[in-house]
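Here, each number is a calculation from the coordinates, and none is a lab measurement. Keep in mind the model is a prediction, meaning the values are calculated, not measured. No Cβ is skipped: glycine too gets one built from the backbone with ideal geometry, and neighbour counts run over all protein chains shown.
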Amino acid sequence: MNELNETRRLHKSYILFPLFSVLKSLLPFFILVVLKGLNWSAIPWYLYAGGIAVVLLPSLLYGWLKWRKFSYTLQEDRIVLRRGMFVREEISIYFSRIHAVQTQQPLIQRILRIAQLKIETPGGSKEADGVLPALRVDEAKRVERWLYQKRSEAVVKDPAAITPEQQMETSSEETGIHGEYAGIEGEPGTESGLGSAHERGVDSRLSRVDGLEVPEPVETEVPVQQEPLLRLSAGRLFVGALTTMNLPLLLVFATGTYSFADDLLPDHFYRRLVEEAGSLPAIWWLGLIPLMFLLAWILSAVLFTIKYAGFTVEREGGNISIVSGLLERKKHVFSPTKVQAVAIREGLLRQPFGYAEVEIYVLTSEKEKKMMLHPLLPMREVNELLASIVPQYELQADIAKPPPRALWLFLRWKLLIAMLVGIAGTIYFGMVGIGLFVLLPVFGLWGYARYKDEGLNIYGKQLLIRHRQISRLTVLMRRPHVVTVNAIATSRQRARSLLTVEATLMVNRGGWKATFLDQAHAVAVQNWMHQAARHAVPSKI
């Protein structure tokens with residue numbers, strides 16, 4: 001990376017990108033034609049040749065022009081991207097403004113054995129401010145390391161250029177309440193709550209500039225040391241997928257099958273299917289529900305395994321990288337200080353065996369802010385995993401639960417819905433529909449499980465919120481990252497001194513909540529939000 005101000009071009013395989021896009025858009029059409037049983041031999045050869053030429057030649061010409069007009073230049077203080085055929089666009093990204101650099105391999109790049117480089121800046125677009133979509137894999141990694149090095153040098157030369165997000169990474173002082181945060185706070189008895197730089201696995205070459213710790217400049221390009229933290233086999237991933245109940249996928253699968261069956265199936269087969277379906281008894285229609293659920297479950301397991309194949313977590317200097325994907329190889333690089341929350345999800349099939357999946361919410365300009373940290377982990381090993389990657393978080397066993405007077409609030413609507421479904425089923429299906437009353441104990445157990453699992457906990461500067469819809473979700477967040485804490489209740493609930501506590505973060509404006517808690521617990525959380533960091537002491541409620 002010694003040649004500065006030299007115009008560089010993408011890999012020539014970028015010429016094929018428009019062709020791949022056209023073929024992708026035409027794929028559903030080809031599938032419909034094949035399923036309809038078109039007689040391909042009846043089509044003259046010149047129509048085949050003409051169709052191929054119409055698709056191939058314009059796509060390759062357009063791709064060549066895009067490749068010729070796309071260049072990038074590495075300068076002393078910035079990287080400059082130039083692109084566009086008719087309207088020229090020049091993007092200058094200064095090193096001091098770089099938020100993150102990621103090397104990824106989406107499907108097209110993986111097929112062509114190349115990589116894309118994404119450059120993000122704070123407050124940028126949802127995707128990325130600069131994208132180099134086609135580089136050799138080794139070249140992409142060299143540019144990534146070089147940009148990180150130059151960013152470190154730029155921060156040292158010009159501390160005023162540090163962005164608010166970068167300040168949040170380095171400052172350990174809480175500046176206010178209700179969303180005014182500055183970084184990872186320490187627990188009482190330590191300066192930062194994370195131990196020494198060596199204990200955190202963070203690059204210890206730091207200097208202080210205006211009260212902020214920033215990396216010292218590096219004169220030569222030094223290979224980043226990679227320390228493997230976690231690798232998962234395909235078998236472990238598939239077991240994790242089979243224990244994940246993906247109800248949204250079931251609905252999408254059922255709706256898609258119904259909507260497109262008349263287009264995908266041959267006409268004679270579809271007509272016969274519709275005619276015979278009308279004569280089927282009601283019990284057969286009820287039997288379709290578990291069948292559709294089974295098919296969606298298997299499909300979900302396969303897609304889950306493909307998405308997270310080759311799952312690897314590594315420490316790269318002071319950052320953590322998560323790499324996964326069989327068809328689209330994705331790499332997410334982040335600083336542990338940018339992790340705003342940890343979510344531990346225990347599904348219905350996992351909780352009885354003591355397993356969960358762990359996700360993290362990371363402050364980033366990229367659209368995808370939620371990342372998988374481990375898809376199938378014993379609950380007893382959660383704190384060990386957190387200590388190795390995000391040691392500022394710790395799962396606490398004790399939580400404050402709703403009082404007994406709140407039990408009826410968890411049961412009432414579920415029992416009412418189950419009763420109405422049973423009555424409607426009896427009216428419509430007759431004696432067969434009476435079986436739907438089995439939902440009464442099922443929904444009752446569901447409401448009782450929600451009552452038993454709901455709650456929260458305060459420990460130092462960490463807030464734990466636990467809530468159940470279908471799966472049990474435990475979220476860990478720290479006070480500097482919490483934007484708001486709200487206490488919500490109807491007048492009837494307030495009369496019973498019951499409140500719902502809801503906390504929101506920048507990475508999740510929808511927030512997380514614990515419902516129907518004692519009013520004293522809600523007041524404790526609000527007081528916790530107003531405590532100054534230097535006066536905070538560990539407390540449990």
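With r defined as the distance between the Cβ atoms of R83 and F29 and R0 fixed at 41 Å, what FRET efficiency is calculated, to the nearest 0.05? Working shown, then result.
Values: r = 30 Å, r/R0 = 0.73.
Working from the Cβ atoms, E equals 0.85.
What do you get for GluC sites (Glu not before Pro) in region 288-331 restricted to DSSP loop and a cutoff of at most 15 other Cβ within 10 Å of the site's Cβ?
Numbers: sites: E314, E316, E328; in loops: E328.
Passing sites in region 288-331 are E328.
Give me the base-10 log of I(q)/I(0) for region 404-541 at each q in 0.11, 0.18 Å⁻¹, Debye formula, one uniform scatterer per Cα, rounded to two decimals.
-0.50, -0.99
Can you order the peptides 462-468, 92-98 by their average number of other Cβ atoms within 10 Å per residue, highest first?
Details: 462-468: 22.4, 92-98: 20.4.
Top of the packing list down: 462-468, 92-98.
List the residues, sorted by chain then number, that are 5 or more residues from G318 or on another chain and whose placed amide H is less than 5 Å from its amide H.
Counting only residues 5 or more places away or on other chains, the set is D203.
At a 10 angstrom cut-off on C-beta neighbours, averaged per residue, how do the peptides 107-118, 442-453 rank from highest to lowest? Mind showing how you got there, number by number?
Numbers: 107-118: 18.8, 442-453: 16.8.
So the order, starting with the most tightly packed, is 107-118, 442-453.
R0 = 60 Å: FRET efficiency of R494 with V131, Cβ-based, nearest 0.05? Spell out each step's value before the answer.
On the way: r = 51 Å, r/R0 = 0.86.
E between R494 and V131, to the nearest 0.05, is 0.70.
Grab the Cα-Cα distance for N486 and I427, subtract it from 0.36 nm times how many residues apart they are, and report the gain in nm with one decimal.
16.9 nm
At 7 Å along the Cα-to-beta-carbon direction for both I298 and L348, put a label point, then send me their distance in nm to one decimal.
Those two pseudo-labels are separated by 2.0 nm.
Between region 448-488 and region 361-407, what is the separation of their alpha carbon centroids in Å?
10
Grab the Cα-Cα distance for K370 and M529, subtract it from 0.36 nm times how many residues apart they are, and report the gain in nm with one decimal. Intermediate values should be presented prior to the final figure.
Values: separation 159, 0.36 × 159 = 57.24 nm, distance 2.42 nm.
Extra length available between K370 and M529 comes to 54.8 nm.
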